[in-house]
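Note sheet for the following structure.
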Amino acid sequence: MTLTNSPIEQITLFNRNIYIKRDDLLHKDFSGNKARKFHYFLENDFPNIDTVVSFGSNQSNAMYSLSVLAKIKNWKFKYFINHLPSFLEEHPNGNYKYALLNGMELIVDEDFKMTKYEPKENELFIEEGGAVREASFGIEQLANEIKEWKKENNIQNLKIFLPSGTGTTALFLQKFLDDVVFTTPCVGDSEYLLYQFSLLEKDSSKYPTILNPKKKYHFGKLYSEHFILWNEIKKSTHIEFDLLYDPIGWSTVQEHLEIFQDGEVLYIHQGGLLGNETMIERYERKVSVLKK
């Protein structure tokens, strides 16, 4: 499988031009920031490995991407979660559904702690969300694509933005780019994000710049303003974004427009669209409840 250079498109949003790095278009089965993070494992041989092991949420983008990786590499895939809702178990959808179709072995254990997990010699263990040093391999390629695009288009002043879970992509992008990389925490707060940075890089001078949303959001909770903004952006740009991270990302950009007034802005589209199937159903159920 070859991960081709994803295109960059220009849109008009919030009364200004913004460039979008379309990593959602990298590959039909293996795209977004998870494809970048796991590119190292895709490109290299692991002769003693026949199983990949990870953990996280029941609709994780990383879960699905690892299921694709395991299928390509002809590995088994063991994935641990703390909880599986009965509705999802009875009506599989989104990342969960497609990861199962790719052969994922799901292990539900409410008391399981991955910090205590000791992988066997035949197992490759990957931290939740792909927060591993090997992620730098694919993210450096992303940085090089951005550098080449800047050069071709004679762009001198570029500001890069992407929303963060563990912040791994933003951290390594800042490592490989001279441009300022901005991000916003979507899981936890800025302290959580700084802690995640510190696990991979001790020198805080090399961290991306964190922009905090003006409102505190709880990860995975439904917010009507997010669904409205997501729909408005989809309608005006004809680009579908992730419903979990991108509404927080875009609202943060909108709240800090003064920072992006000079130069050009590049927003990294990180994929995750399979998860929208579940999120849209959740929003529609919420709307139907509110109407009653």
Next on the checklist: Return the residues of the stretch 198-208 that are surrounded by fewer than 15 Cβ atoms within 10 Å (Cβ to Cβ) and not in a loop (DSSP other than H, G, I, E, B); say none if nothing qualifies.
Outcome noted: 198, 204, 205, 206
Checklist outcome for this item: Restricting attention to the stretch 46-65, the residues that are under 13 Å from the mean Cα position of the chain (by Cα), of a type in the set (A, V, I, L, M, F, W, C) and over 20 Å from residue 85 (Cα atoms) number exactly 0
Next on the checklist: Looking at the stretch 75-93, I want the residues that are surrounded by 12 or more Cβ atoms within 10 Å (Cβ to Cβ) and have a partner that is of a type in the set (Gly, Ala, Ser) and assigned to a strand (DSSP E or B) with Cβ atoms under 7 Å, at least 6 apart or on another chain. Which pairs are those?
Outcome noted: 79/54
Item to check | Which numbered condition residue 57 misses (of (1) among the hydroxyl-bearing types (Ser, Thr, Tyr); (2) in contact (Cβ under 8 Å) with a residue 40 or more places away in the chain; (3) not in a loop (DSSP other than H, G, I, E, B)) | outcome: (3)
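Among the helices (runs of 4 or more DSSP H) contained in the stretch 79-179, which hold 1 or more residues that are acidic (Asp, Glu)?
Helices (runs of 4 or more DSSP H) meeting the threshold: 86-90, 135-152.
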Checklist entry - Can residue 180 be described as loosely packed, with under 14 Cβ neighbours inside 10 Å and touching a strand residue (DSSP E or B) at 6+ places or on another chain (Cβ under 6 Å)? => result no
Item to check | Conditions (1) at negative phi; (2) surrounded by fewer than 19 Cβ atoms within 10 Å (Cβ to Cβ); number of the one not met by residue 188 | outcome: (1)
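Listed residues 216, 221, 234, 202; which is over 26 Å from residue 9 (Cβ atoms), out of contact with any strand residue (DSSP E or B) (no Cβ under 8 Å at 6 or more places or on another chain) and at pLDDT 95 or above? Please lay out each step first, then the result.
Details: 216 fails: at pLDDT 95 or above; 221 fails: at pLDDT 95 or above; 234 fails: over 26 Å from residue 9 (Cβ atoms).
Of 216, 221, 234, 202, the one residue that is over 26 Å from residue 9 (Cβ atoms), out of contact with any strand residue (DSSP E or B) (no Cβ under 8 Å at 6 or more places or on another chain) and at pLDDT 95 or above is 202.
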Next on the checklist: Just to be sure before I move on: is residue 112 in contact with a strand residue (DSSP E or B) (Cβ under 6 Å, 6 or more places away or on another chain) and either at pLDDT below 95 or more than 23 Å from residue 244 (Cβ to Cβ) (or both) in the structure I sent?
Outcome noted: yes
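Residue by residue, here is whether (1) assigned to a loop (DSSP other than H, G, I, E, B); (2) assigned by TED's automatic domain parsing to the domain that holds residue 93; (3) in contact (Cβ under 8 Å) with a residue 12 or more places away in the chain holds:
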position: 196; (1), (2), (3): no, no, yes
position: 221; (1), (2), (3): yes, no, no
position: 234; (1), (2), (3): no, no, no
position: 240; (1), (2), (3): yes, no, yes
position: 251; (1), (2), (3): no, no, yes
position: 254; (1), (2), (3): no, no, yes
position: 265; (1), (2), (3): no, no, yes
position: 278; (1), (2), (3): no, no, yes
position: 282; (1), (2), (3): no, no, yes
Checklist outcome for this item: Selection from the stretch 112-141 of residues of a type in the set (Asp, Glu) and either without any contact (Cβ under 8 Å) to a residue 24 or more places away in the chain or on the phi > 0 side of the Ramachandran plot (or both) yields 118
Item to check | Enumeration of residues in the stretch 221-240 that are under 20 Å from residue 211 (Cα atoms) and surrounded by 14 or more Cβ atoms within 10 Å (Cβ to Cβ) | outcome: 223, 226, 229, 230
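The values are calculated or read from the model by the stated rules, or taken from the named source; none is laboratory data. What you see is a predicted model; the values in this text were computed from it and never measured. We place every Cβ from the backbone using ideal geometry, glycine too, and count neighbours over all the protein chains shown.
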